[in-house]
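Engineer: Handing you a structure now.
Every number here is computed from the coordinates shown, using simple stated rules; none is lab data. All values reported here derive from a predicted model rather than from experimental measurement. Every residue, glycine as well, gets a Cβ built from its backbone with ideal geometry; the counts of neighbours run over all protein chains shown.
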Amino acid sequence: MKRIYIKSLGLSILAALTLSACTKILEENPRSIFTPDYFKTEAGVKGGITSCYGHLRLMFGNGYFLNANQISTDEATWGQNSDGNVRNLDFSGVGEIQPATSNTGIVWGAAFPNINTANGVIENGAAVGVSETLISEARFFRAFDYFLLVQTFGGVPLDLGSGELKFNTSTIRTSKRNTVPEVYTKAIFPDLLDAIENLPTAGRVVGGATKTLARFYLAKAYLTYGWWLQNPNGIPTYPAAQRTDPNGHDASWYFNEAYNVAAAALEAPGSFGLQPTFYDVSVATNDRNNEILLYADHTENSSIYNGGDLSYSGGGFGTDSFAQWFEQWNYTNIRTSRSSTTWDPASSVQRAATQSLGRPWTMLAPPHGVFKNTFAEKTNDSRYDGTFVTRYRSNWKEAGLKVNNVVPEQLYNANFLPVSNGDVILSFLNEDVSGVDYSNSKYNSTVGAGVLPGRADFVIEPSAFSRICYPGNWKLGPYRTDNNGGLGQPNASLTRPFPVAKFSELFFIAAEAAIKGAATRAVGGPHANDGTARGLINVIRARAGKWRYDNGGNMVKIQDNSAAVVAATPASIDLNYLLAERSREYFGEGYRWLDLVRTQKWTELSAAFVIAGNTNPNDWKDHTVGSFTRNILPAHYLRPIPQSQLDALDMSVEEKRAYQIPGY
């Protein structure tokens, strides 16, 4: 194991970062190596602190990390273009999760080097004159990484070679895993409590750690540990440990504390809060808004500091941001006619660096339940419109498409009706309707879309959404300011910040704790409510009813449906309803697997699903609906230790086998 940790000293997360109090941003200065001596200097400690922010890019924005936390849930199955890395995690008979081939080890490879960096900061900071406020940023990130690890792998080592929670400089390559209770009570909880005590209310820099952020993660860690102690479905843990708390508390105590800490963050949020509409949270022109507590940052100004190429990226490496590609189908296959009488196909919707488009990979496909159950309400609730691209619009002028050497003013689409640049070429309908002709005998979209009389756009009904053709994820789409009237750089690494934690989730954490029996109280502050699970969720639902823009219609829409949305909330909120609300709020952002594992609802909610393309998922015209099942076993609630990690250990075969999680 220590081979990984020694590498961490030279990792640098692409660049060592230095603090700039005057500009209030993180400034990056490329550095090839961190050495133990470097941490004996003020510059080294400060560089270590800010590299903690940089390491977020190794996970958040990485498509394969997103896949590991999305696929095999009720939000996603494999898409037509998915490779074995994706399919192996679906448990639906198309692959098998393996320690050597799955991408579940991304968090292991990113977290442990950063933990050691944080250890170096914490150990050396005071001696070189760095304030406890700054050191607590490293404490936060150490807790953050251990929390990700313990949720994913169970118990993990606290000793990286030089003692528990010590900065490791040794070359020893043996390791011992601590238990889940030890990881929480020795590392996660103490670090977050210290961070709450010492971090500022307002971030030291833009996107910097704050008291509210630390409270957010402490509340979520308390909630998750409470579930672990309770273990309602008897899910096994590893290393084997009694479901008892070393501090003598029971699950109820942790649920109560999760509620209290979340409520405290809601009542004293500092500069954070809810955006006025759901659309405002994700629209790219409003990035880094006050609802985002933490994000993995990127920039379009430099490929070095972006962590990925600004013109073309292969994806799947380093700090590249390409998660949205996984949830976008190949809309570039859509065709429109040059002629109004004979079908003469032209590419009317081409790749563009705009939020609704971007680069298509077709890796993850949403099952039908997403559209028919989770997002059944599409009229009053704005979250369906604010999550999916449901209408694909032409951009042939930006692409410079010519007919007879001239860029045309019109092309001819379904029913040979004329369309102009910017018009809708294909619509994913909200509901199934009668009369859609999918025969493609006269007007061939080439993507299996149908035709309705009198409509110029091709259409696809929810029952025809397939592994190859489905609404894309709008929230994570690209944004560039240098398109200059053209298509821009749609194949480049994404340059937007990737959201890691949102203020809105505090309402969900408190509501889930209330469902688990936490004592509730009225919650004051800017988002006051009665503090019940229903009251907390209705703050989120009321916001969901407020519109300021209609993505599908591509127009301003000032409408307040909050009363109707709140009135539709059940009188009593149960866990399944809460999880459905979480999916409506955070669909496709990488929350789902951890949510379902925490609540032990993964099997119940994800073991069966329906999607079209049953006969041939490579056939655009295949709208045959199929029912599929997943073989999710209790052992799968933990991910396997990466084989590369086991190979690096100087331990016997038996010791390595004991180190690995049973079932892998």
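Engineer: Please list, in chain and number order, the residues 5+ apart from GLY450 or on another chain whose amide H is under 5 Å from its amide H, with Hs placed from the backbone.
Structural biologist: Those qualifying (amide H under 5 Å, at least 5 residues apart or on another chain) are VAL459, ILE460.
Engineer: May I pose another question? Quickly rank 449-456, 220-227 as a protection proxy: mean count of other C-beta atoms within 10 Å, highest first. Don't skip to the end; give the middle numbers.
Structural biologist: Details: 449-456: 17.8, 220-227: 24.9.
The peptides rank, most packed first, as 220-227, 449-456.
Engineer: Which trypsin sites (Lys or Arg not before Pro) in segment 59-148 pass both tests, a DSSP loop state and at most 14 other beta-carbon atoms within 10 Å?
Structural biologist: Of the trypsin sites (Lys or Arg not before Pro), not one in the loops of segment 59-148 has a Cβ with at most 14 other Cβ atoms within 10 Å.
Engineer: Checking a compactness column here: for segment 161-262, what do you get for Rg(Cα) / (2.2 N^0.38 Å), N being the number of residues?
Structural biologist: 1.25
Engineer: Sticking with this structure for a sec: Find the Rg to Rh ratio for segment 114-153, where Rh is the Kirkwood radius over alpha-carbon pairs and Rg uses the same atoms.
Structural biologist: Rg/Rh for segment 114-153 comes to 1.07.
Engineer: Using every Cα-Cα pair within segment 384-503, state what percent have a distance larger than 21 Å.
Structural biologist: 50 percent
Engineer: Next up: Convex hull over the Cα atoms of segment 252-332, averaged projected area in nm²?
Structural biologist: Averaged projected area of segment 252-332's Cα convex hull equals 9.1 nm².
Engineer: Taking the alpha-carbon distance from LYS516 and a cut-off under 19 Å, which aspartates and glutamates remain once sequence neighbours fewer than 8 residues away in the same chain are dropped?
Structural biologist: LYS516 reaches ASP245, ASP250, GLU257, GLU505, ASP530, ASP574, GLU581, ASP595, GLU604.
Engineer: Using θ = phi - 60° and the Karplus curve 6.51 cos²θ - 1.76 cosθ + 1.60, what whole-Hz ³J(HN,Hα) does each residue of segment 283-290 get, with Gly and Pro shown as x?
Structural biologist: Values, residue by residue: 5, 4, 5, 10, 4, 6, 6, 7 Hz.
Engineer: Next up: If you split all Cα-Cα distances of segment 87-185 into 10 Å bins from zero, what percentages do you get per bin, shortest first?
Structural biologist: P(r) for segment 87-185, in whole percents per bin: 15, 40, 29, 12, 4, 1.
Engineer: Hey, rough spin-label estimate for GLU132 and THR341, points 7 angstrom out along Cα→Cβ, what's it come to in nanometres?
Structural biologist: It is 8.5 nm.
Engineer: Under 5 Å between amide H atoms, partner at least 5 residues away or on a different chain: which partners does VAL419 have, H built in plane at 1.01 Å?
Structural biologist: Long-range HN contacts for VAL419: LEU411, TYR412, ASN413.
Engineer: What is the Cα coordinate range of segment 289-500 on the first, second and third principal axes, sorted by size from largest, in whole angstrom?
Structural biologist: 52, 47, 28
Engineer: Given the rule -39500 (n - 2.57) for each run of at least 4 DSSP H residues, summed and divided by the residues of the chain, what is its mean residue ellipticity at 222 nm, to the nearest 500 deg cm²/dmol?
Structural biologist: Details: 20 runs with 197 residues, N = 664.
Estimated from H runs of four or more residues: -8500 deg cm²/dmol.
Engineer: Next up: Roughly how large, in nm² to one decimal, is the mean projection of the convex hull of the alpha-carbon atoms in the chain?
Structural biologist: Average of the hull's projected areas for the chain equals 28.5 nm².
Engineer: In addition: Highest mean first, how do 645-658, 167-180, 387-400 rank when packing is the count of other Cβ atoms within 10 Å averaged over residues? Working shown, then result.
Structural biologist: Numbers: 645-658: 14.1, 167-180: 18.2, 387-400: 21.2.
Descending mean neighbour count gives 387-400, 167-180, 645-658.
Engineer: With +1 assigned to the C-beta of every Lys and Arg and -1 to the C-beta of every Asp and Glu, and no other charges, what is the dipole magnitude of segment 289-500 about the Cα centre in debye, to the nearest 20?
Structural biologist: Rounded to the nearest 20 debye, it is 400 debye.
Engineer: Considering only segment 289-500, what is the antiparallel percent among its DSSP beta bridges, to the nearest 5?
Structural biologist: Antiparallel bridges: around 85 percent, rounded to the nearest 5.
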